[in-house]
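The block underneath contains the structure these notes are about, expressed in structure tokens.
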């Protein structure tokens, strides 16, 4: 009996020795699998990512070279944004003048004091990113030391870029609309009908808006904006325009193709929007859940 | 080529292809669904005599390097490890007159473009199928993924052969004892 036992053991050892390659393969693949599962869905851990300080710093240096090409487009976009803001400023100045002419000045002052800012803007540069995968990510050169936190909204002069998914000290990782894990709540600007914006992984210029009821009036060229129903997004940020309309196979809902406002090909300078009242709102909403 | 020479050559090769992959290829979107993976040329360039286990570990490290730079931890590493494991069988399948010299390097210059294309294609098929299916692990768009694999294999193969022709010193010329 002991002899047999020894023989069995010998067989097992022999088997293991014969198949070491295969065993090493399995071990390495299991490690990879663990990495994938622990990181993905929503990349909270930032060790194995470009938000990591080492690769982030390298990226930053390299991006200085590769983004030189994108500067003209970026410049044009900033000029256009500037022009738009100047026009808006002029308009609001006239409104204020009109109000202060007609209403007692004291009341205007108190109104202005009450409207303290809800949103704060941080600027950053994209230092790394992909656009041709189905799970694209971008790295920006501002992190927790600059006041960036997860779930903040990232925009550029054209519209919404995405959400901050992970932060390290000096870098942050952005989950853009063109990632199959991205789902943001949007609405049609004209009719106020809400829906969800997803991405099917096909073209970096087109995303899909779903859950819009069939009775909504939709036309090609309608503007799609953020709905403001999640506490992360300010309401009314431009996302894109409706480029294709079709009815869902199961009926009752539209599947809208949305031409994205942001050109991910030439993305460089971005702004991160911080909601100053987010904590307060979340706390209130939590009391009902 | 000496052992140290090989290590130096492979390290330089890995550095160069990683930079090209991360800075240029990851950001190009000319053809839809096309994600060319030039860095696989690094796995192809290892000497015939490389044992499976060191090969898999090297592949794992190289894949992890690409993963860190493109925010896909584990995916490229997994694909590389599998491709490295399969290389032995692929080489047996397309054996060149039934003999590879242990210390020789698989190259276009040494074994001809037809042999090299077969070799690169098989390695890419293993690598890309694994990579793009794993990338879709939670939601599967089957048709899109298959198209992505086919288009990307074509683009990767073209780039790898081009790279081999442009930089024969890096991907390895035929070793001659003299």
Would you be able to tell me the number of residues in segment B:114-142 that are over 16 Å from the mean Cα position of the chain (by Cα) and more than 27 Å from residue A:38 (Cα to Cα)? 1
Scanning segment A:166-183 residue by residue, those surrounded by 23 or more Cβ atoms within 10 Å (Cβ to Cβ) and away from chain B (no Cβ under 14 Å) turn out to be A:177
Considering (1) within 10 Å of another protein chain (Cβ to nearest Cβ); (2) surrounded by 23 or more Cβ atoms within 10 Å (Cβ to Cβ), say which one residue B:32 fails and leave the rest. (2)
Check on residue A:30, surrounded by fewer than 13 Cβ atoms within 10 Å (Cβ to Cβ) and modelled with pLDDT of 80 or more: yes
Can you find a residue in segment A:110-126 that is more than 24 Å from residue A:200 (Cα to Cα), within 14 Å of chain B (Cβ to nearest Cβ) and modelled with pLDDT of 80 or more? no
Scan segment B:58-73 residue by residue and report those that are over 17 Å from residue B:123 (Cα atoms), free of Cβ contacts under 8 Å to residues at least 24 places away in the same chain and within 9 Å of another protein chain (Cβ to nearest Cβ). B:64, B:67, B:68, B:71, B:73
Looking at (1) in contact (Cβ under 8 Å) with a residue 40 or more places away in the chain; (2) more than 14 Å from chain A (Cβ to nearest Cβ), which is the one condition that is false for residue B:95? (1)
What is the one condition in (1) surrounded by fewer than 18 Cβ atoms within 10 Å (Cβ to Cβ); (2) within 14 Å of chain A (Cβ to nearest Cβ) that residue B:125 does not satisfy? (2)
Quick check on my filter: what residues within segment A:195-244 are touching a residue at least 24 places away in the same chain (Cβ under 8 Å), surrounded by fewer than 20 Cβ atoms within 10 Å (Cβ to Cβ) and either in a strand (DSSP E or B) or in contact with a helix residue (DSSP H, G or I) (Cβ under 6 Å, 6 or more places away or on another chain) (or both)? A:206, A:208, A:210, A:211, A:213, A:223, A:231, A:238, A:243, A:244
Collect the residues in segment A:245-286 that are in a helix (DSSP H, G or I) and without any contact (Cβ under 8 Å) to a residue 12 or more places away in the chain, keeping them in residue-number order. A:279, A:280, A:283, A:284, A:286
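With the condition being at pLDDT below 85, I'd like the helices (runs of 4 or more DSSP H) fully within segment B:1-113 carrying at least 2 qualifying residues.
Details: elements: B:3-19, B:40-44, B:52-70, B:75-93, B:108-111.
Per the criteria, B:3-19, B:52-70, B:108-111.
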In segment A:139-155, anything surrounded by fewer than 23 Cβ atoms within 10 Å (Cβ to Cβ) and touching a helix residue (DSSP H, G or I) at 6+ places or on another chain (Cβ under 7 Å) is listed as A:141
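Just a yes or no: is a residue in segment B:98-105 in contact with a helix residue (DSSP H, G or I) (Cβ under 8 Å, 6 or more places away or on another chain) and either within 21 Å of residue A:36 (Cβ to Cβ) or free of Cβ contacts under 8 Å to residues at least 40 places away in the same chain (or both)? Break it down into steps so the answer makes sense when it comes.
Within segment B:98-105, the first condition is being in contact with a helix residue (DSSP H, G or I) (Cβ under 8 Å, 6 or more places away or on another chain), and the residues that meet it are B:100, B:104-105.
Next, from what is left, pick out any that are either within 21 Å of residue A:36 (Cβ to Cβ) or free of Cβ contacts under 8 Å to residues at least 40 places away in the same chain (or both): none.
Within segment B:98-105, none of the residues are in contact with a helix residue (DSSP H, G or I) (Cβ under 8 Å, 6 or more places away or on another chain) and either within 21 Å of residue A:36 (Cβ to Cβ) or free of Cβ contacts under 8 Å to residues at least 40 places away in the same chain (or both).
The values are calculated or read from the model by the stated rules, or taken from the named source; none is laboratory data. What you see is a predicted model; the values in this text were computed from it and never measured. Here the Cβ is made from the backbone with ideal geometry for all residues, glycine too, and neighbour counts use every protein chain on show.
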